[in-house]
Every structure is written in C-alpha cells, then in structure tokens.
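The structure under discussion appears below in the form of structure tokens.
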Amino acid sequence: MLALLCGGQGALSDKTFDLVTRQPAAEPVFAAATGCLGEDPRDVVRTRSAEELSANHVSQILTVTSALAIHTCIADLLADQTAVTGYSVGEMAAWSIAGIWTADEALRLTEVRARLMDREAGPDGRLGYVRGLDQTALQPLLEKHRCEIAIRNPDLLFVVGGAEHDVIDLCREAATQGTVRSGLLAVKIASHTPLLDQACAPLQRELAASRRSSITNQRILLAGGDGERIFSPASATSKLASQVARPIDWTATLEALAELGVSRVLDLGPGHALAEMMQAFLSSVRCYAADGFRTVDGLRSWVASE
C-alpha cells in the first residue's frame, strides 16, 4: 500500500513549486491559493524573503498549496487503496486528498486556521527542537523554561513551543547536555501548545460548518496527531480543531502506517523530512519525497510502479 504524507511548515523556498509550476492539473490549486494570499503563490515564493515566507499566515497557506498541487498531478494514478495523513497543518491537505474537502475549501479553512492562531498566539511564540534527550530528561527543562512539547517524533526528536525567549533559553541549556542537538525552527508560533487554546472553539465552528463530503473509498485517512483512523469527518472536526493546541504524536502515526502494511511512502512536502523520518523508523518501506524528482513524469512513473 502507498501512503501519502503531507508536510508541515518550515521547508519553504523559492523552489517549492518548481516541480509543478507549469502543470495544468495544478492550476486550480494555485488559483485557490491566490484567492487566499492575494497573490499567486508561485510569485510569493520567488519574491519574498525567507523571513516573510516563515510568517504563520503565509507559511500555512503555501504549505497546504504545495501538497495539494503535487497531489493533483498524480491523483488519476491512485486507483488502489491509499493511506493519507498530515503533519501539523499538513493534516488540512490530507483531509482534502481523502476527498472530504475540495482544494478551494481546504485552503479557505487553512486561511481561517492561520488567522485564528495568529489572533490568539500573540507576537512572540516560537517552536524549537531538541534531539537526544528522552522525555524524562527533557521534562525539567520544559518546566524551568515554561515550554511545552509540541510534537513527538521518532529518534528522541521533540519539537517544543513557548514564548520565543523561553524556547531559546531551553535550547541553549539542552545543548550543553552531552550529544544533544537543539535549535530554533522557522515556525514563529507556539503551535500545538496550550497557548493556542482559545483558537480551538472558533476553529471547530468553522470546520463543522464546512462543505464536506465522505472519505473517498480508495483513501484511508489517519489523524496526524495520533494515527487514529478517521471514518466520519463530522465526528472528527473537533479533534482536528483541537490539534492546534494539543501535542502531536507523530511516532504513533508512523506506527499506525506500519500496522496498515504500508510498503511505499511519498512525502508530498514541502521538503523531505517526513520521508526521512519514515525511512529511519521503518527501513523496509520505500520512501521518497516529491521534491526529489526532477520531472512530474518521473514522479508519476514511480507512483505507477509496484
């Protein structure tokens, strides 16, 4: 079984849309994103600085646009059952790929999600990472520096969130402990922490009122936060809304993919971090990232192969 992974924020560059920029199938996605951004996303990534691309509102919309644009170029090949899930905001793209939302609706709701998060988060939130400490060793640092675990990844990789100065202090102290690596991520909002609690209820109302369809028969949709299979979108909107203020257990999601018997993984991006994590987690699975292909024809050939 093939699994499609939709990435989160942090891997945007001026080359983000190079693979699909001239693909007719992707034009409706770019048009929908233009409506959200007020500018063609292909122009945004070429003309904005890295600092501007990391702004939460722009970053979330571009991230979802990237995954959806690539999916449109391979969707006709996905006749067999395919698993799909998303990492952080990538879960918005995953719901669309599963057939619940059109690309237009997914991007509209992503814009709403980003706006609500910005409104509640304040100006000084940040995410950082710590690799090499287990949770028991990390907990005292979290308490000392008033931070929270935002994402649990395999291989003792934790994403932590809080006020920017607190995240900086935590990462600096963590880096003094043996072989630990730590640092700031480009995401300038404390996603998946209680600092965003107030965004959950209004987001839930928006998601519950969205124009939805049932999950396509050929798709198995897994929640990105814990790997639980989603059968009914109506009953899962609350969980998706609360995701913005609750920690993500990506390790559990990878375990769920393994239990499904996934044999191939395509990381729709942006970037290739999810493919690398899955390959390290389960080496028997063939993992590729869309941004590793030079042409859409090459990507389509891989997807069509067994």
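The set of residues in the range 144-160 being part of a loop (DSSP other than H, G, I, E, B) and farther than 12 Å from LEU127 by Cβ consists of HIS145, ARG146, PRO154, ASP155, LEU156. Are any of the residues in the range 190-198 closer than 27 Å to GLN279 by Cβ, among the β-branched types (Val, Ile, Thr) and out of contact with any helix residue (DSSP H, G or I) (no Cβ under 6 Å at 6 or more places or on another chain)? There is no residue in the range 190-198 that is closer than 27 Å to GLN279 by Cβ, among the β-branched types (Val, Ile, Thr) and out of contact with any helix residue (DSSP H, G or I) (no Cβ under 6 Å at 6 or more places or on another chain). Selection of the range 46-62 for residues being in contact with a Leu (Cβ under 7 Å, 6 or more places away or on another chain) and either among the acidic types (Asp, Glu) or surrounded by 23 or more Cβ atoms within 10 Å (Cβ to Cβ) (or both) yields SER59, ILE61, LEU62. Which residues, counting only those in the range 270-299, are within 28 Å of LEU53 (Cβ to Cβ) and among the basic types (Lys, Arg)? Hit for the range 270-299 is ARG294, nothing else.
Yes/no per residue for (1) over 14 Å from the mean Cα position of the chain (by Cα); (2) of a type outside the set (A, V, I, L, M); (3) over 25 Å from THR295 (Cβ atoms):
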{"position": "LEU53", "(1), (2), (3)": "yes, no, no"}
{"position": "LEU68", "(1), (2), (3)": "no, no, no"}
{"position": "ILE74", "(1), (2), (3)": "yes, no, no"}
{"position": "THR85", "(1), (2), (3)": "no, yes, yes"}
{"position": "SER88", "(1), (2), (3)": "no, yes, yes"}
{"position": "TRP95", "(1), (2), (3)": "no, yes, yes"}
{"position": "VAL112", "(1), (2), (3)": "yes, no, yes"}
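Taking the range 56-123 and the helices (runs of 4 or more DSSP H) fully enclosed by it, the elements with 2 or more residues that are more than 27 Å from LEU260 (Cβ to Cβ) are at 56-72, 103-121. Just wondering, is there one or more residues in the range 129-142 that are touching a residue at least 40 places away in the same chain (Cβ under 8 Å), within 20 Å of ASP197 (Cα to Cα), under 20 Å from the mean Cα position of the chain (by Cα) and buried (at least 19 other Cβ atoms within 10 Å of the Cβ)? Scanning the range 129-142, I find no residue that is touching a residue at least 40 places away in the same chain (Cβ under 8 Å), within 20 Å of ASP197 (Cα to Cα), under 20 Å from the mean Cα position of the chain (by Cα) and buried (at least 19 other Cβ atoms within 10 Å of the Cβ), so the answer is no.
For GLY86, the conditions (1) out of contact with any strand residue (DSSP E or B) (no Cβ under 8 Å at 6 or more places or on another chain); (2) surrounded by 22 or more Cβ atoms within 10 Å (Cβ to Cβ); (3) within 18 Å of LEU207 (Cα to Cα) all hold with the exception of (1).
State whether one or more residues within the range 35-45 are assigned by TED's automatic domain parsing to the domain that holds ILE230, closer than 30 Å to LEU260 by Cα and out of contact with any Lys or Arg (no Cβ under 6 Å at 6 or more places or on another chain). No, the range 35-45 contains no residue that is assigned by TED's automatic domain parsing to the domain that holds ILE230, closer than 30 Å to LEU260 by Cα and out of contact with any Lys or Arg (no Cβ under 6 Å at 6 or more places or on another chain). Scanning the range 280-306 for residues that are over 16 Å from THR85 (Cβ atoms), part of a helix (DSSP H, G or I) and either more than 17 Å from the chain's Cα centre (by Cα) or at pLDDT 95 or above (or both) yields ALA280, GLY292, VAL296, ASP297, GLY298, LEU299, ARG300, SER301, TRP302, VAL303, ALA304. Taking the criterion of being over 23 Å from ASP249 (Cα atoms), outside the structural domain of LEU141 (by TED's automatic domain parsing) and in a loop (DSSP other than H, G, I, E, B), the residues of the range 169-212 that qualify are ALA209, SER210, ARG211, ARG212.
Would you check which residues across the range 89-127 are of a type in the set (Ser, Thr, Tyr), farther than 25 Å from ARG264 by Cα and crowded, with 19+ Cβ neighbours inside 10 Å and list them? Of everything in the range 89-127, just one residue is of a type in the set (Ser, Thr, Tyr), farther than 25 Å from ARG264 by Cα and crowded, with 19+ Cβ neighbours inside 10 Å, namely THR110. Within the range 7-37, if we keep just the residues that are under 11 Å from GLY271 (Cβ atoms) and in contact with a Phe, Trp or Tyr (Cβ under 7 Å, 6 or more places away or on another chain), the residue that is surrounded by the fewest Cβ atoms within 10 Å (Cβ to Cβ) turns out to be GLY7.
The values are calculated or read from the model by the stated rules, or taken from the named source; none is laboratory data. Keep in mind that this is a model prediction, so the values were computed, not measured. Glycine also receives a Cβ, built like all others from the backbone with ideal geometry; neighbour counts cover every protein chain displayed.
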